[in-house]
Each structure stands twice: as structure tokens, then as C-alpha cells.
Amino acid sequence: FLAFVLLEEPEWDPEAFKRALRDHWGIPCMTEPEDGEDGESTLVFEVEGMLAALSLYPFPVPHGEAEEAAGRCYLWPEAEAAARRHKGQLLVSVLGREAGPWKAAALQVKLVCAACRQRGTLGVYANGTVYQPEFYLNASQPMEDGELPLLDLVWMGLYRREEGLCGYTDGLAAFGKEEIEVLDTQAAPGDLHSFLLDLASYVLEEDVTFHDGETIGFTEGQYLSISRSAGVWHDGMTLKIPYPEEP
């Protein structure tokens, strides 16, 4: 699990991060960060057998990668402008070890939320897009009820081509699942987003692995064929599921 917290200035406050982690999530961190020669700063600590790491890099994400990803965030029109302002990045990562991906995913979101409470946080670059910090924090609330914060972990991307509106997931691969694409629909954007969210939720919450040639249905008598082929949006192989004629 990996995310970049985009910072307005190339600096961060490790003590403020540790307070937020303790006060909001009850996670203690007694480790002190180690500073590098070129302005880098790294904080590494263990949480319930998992390895957590935060690394400050005092320069923007290279090659305009964050700005390009921000342009895909249809939920936040100002995402690209915000990403262009960042001068530093805080790399947040979790190595789950034996804990498994679900537990590691929850810790990752908690770390990113604590980092988002820093002054000068502009956005969260993760899952191929850039989230508004307030959106990311709000989307973490299902964890209070013991549920996965799905909107923080999987991005439901939308784009249009000549044949119709297309959608894809970005984030399932971190759980060892294949990404899903829904191609060339006549669906409204909100309906396609909801359909992708239902698929991702089913895959993660039920720990389902789809296979080529299977079918899935959300209503009685609904049979949507699943095919596995080279990705259209993603590199590599993806699962293709048709949008239902009746939403």
C-alpha cells in the first residue's frame, strides 16, 4: 500500500503526525524520524506486526505524475491546480507482513489520515488519482464501524470514448485481485460509478476472485459474463464485466 501526501512546502511536522495518529486512531508511535543529507526525513515504526513508513521528499513528484493523475479526479475540479502547487511529498507506505492485506489497508488509511492533518496538505495521490484531503478524511469514517473505507482504497475511474462511457477500478491489485473494466456503456456517470463500487465492494468484502467465463448478477435472473483479457485502461490483464441493461 502506497500513497503520496502532497505538501505545499517541502516540510512536515512528525510530532503533529504522531499526535494525530494517537488521538484519532489510538496508535502510539515512540520512534523519532531520521533526517537525510538532502532534506529527506524518514519515520519507520511497527504497528501490530506491520511495518509503517513515512518519508519526506523535499521536491515534487517527478515528471508531472501527480498533476496528470489529478486531472482524472472528476469529483474535485480543483485537483490539478492544487497538485501543481506542491513542493514536497510525504510517501506513506505499509508492509503488512503476516497481517494480510485487509489489516494493512486499514492501517494505511489511518496513517494517511493522520498525515492529512498537517498544515499545508494539498492532496493525496493514490490509486491513480489525487483525492481532496477532506474527501479522504470523510471516506475513512466506515472504519469506525469496523468496515473497509472502500472509497479511500479503490478509485472508480470514468472516461469517455467514441463507443460510450467506460469505467475502471484502481486499487484492487493491492489486495491481490485483478482490476475491473466496464467498457462502452450508455450509462449515466453516477450509475456507472455505483456499479463499479458495487463490484469492488463485493470483491473485497466477500474476498471473491473472479475467473474468466464466470457470471455475476445483482438481481434475480441477471447474468453478467466475466471475461479476462488485455486491459484497455490498465496495462496487463483485467476483468471485463458488461454494464447491465437494467441498472
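A few comments on the model shown:
- Matching option when the condition is touching a strand residue (DSSP E or B) at 6+ places or on another chain (Cβ under 7 Å) and modelled with pLDDT of 95 or more, among V47, V92: V92
- Failed criterion for L204 (all others in (1) open to solvent by 70 Å² or more (accessible area, probe 1.4 Å); (2) in contact (Cβ under 8 Å) with a residue 12 or more places away in the chain hold): (1)
- Odd one out for T185 among (1) in contact with a Leu (Cβ under 7 Å, 6 or more places away or on another chain); (2) open to solvent by less than 50 Å² (accessible area, probe 1.4 Å); (3) closer than 15 Å to L197 by Cα: (3)
So that you can scan it fast, the table gives a plain yes or no per residue for (1) touching a strand residue (DSSP E or B) at 6+ places or on another chain (Cβ under 7 Å); (2) aliphatic (A, V, I, L, M); (3) more than 30 Å from K87 (Cβ to Cβ); (4) not in a loop (DSSP other than H, G, I, E, B):
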position: Y168; (1), (2), (3), (4): yes, no, yes, yes
position: A174; (1), (2), (3), (4): no, yes, no, yes
position: E178; (1), (2), (3), (4): yes, no, yes, no
position: D184; (1), (2), (3), (4): yes, no, yes, yes
position: H193; (1), (2), (3), (4): yes, no, yes, yes
position: E220; (1), (2), (3), (4): no, no, yes, no
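- Pairs where the first residue, in region 141-167, is farther than 23 Å from A70 by Cα and the second is open to solvent by less than 60 Å² (accessible area, probe 1.4 Å) and in a strand (DSSP E or B), C-beta under 8 Å, 6+ apart: E163/L183; E163/D184
- Test: residue in region 219-229 that is open to solvent by 70 Å² or more (accessible area, probe 1.4 Å) and within 10 Å of I180 (Cα to Cα): yes
- The residue of region 63-78 that is most open to solvent (accessible area, probe 1.4 Å), among those that are aliphatic (A, V, I, L, M) and farther than 15 Å from L7 by Cα, is L75.
- Selection over region 229-247 of residues that are part of a strand (DSSP E or B) and within 23 Å of the chain's Cα centre (by Cα) gives a count of 5.
- Output for region 79-89, where each listed residue is open to solvent by 10 Å² or more (accessible area, probe 1.4 Å), within 28 Å of L158 (Cβ to Cβ) and in a loop (DSSP other than H, G, I, E, B): R85
- Filtered residue count, region 195-218, keeping only those that are outside any helix (DSSP H, G or I) and either under 14 Å from L239 (Cβ atoms) or among the charged types (D, E, K, R) (or both): 11
The values are calculated or read from the model by the stated rules, or taken from the named source; none is laboratory data. The model shown is predicted, which means the values in this text are computed figures rather than measured ones. Heads up, the Cβs are rebuilt from the backbone with ideal geometry, glycines too, and the neighbour counts pull from every protein chain shown. Accessible surface areas use protein heavy atoms only, side chains included; no ligands, DNA or RNA. Shrake-Rupley method; radii C 1.70, N 1.55, O 1.52, S 1.80 Å.
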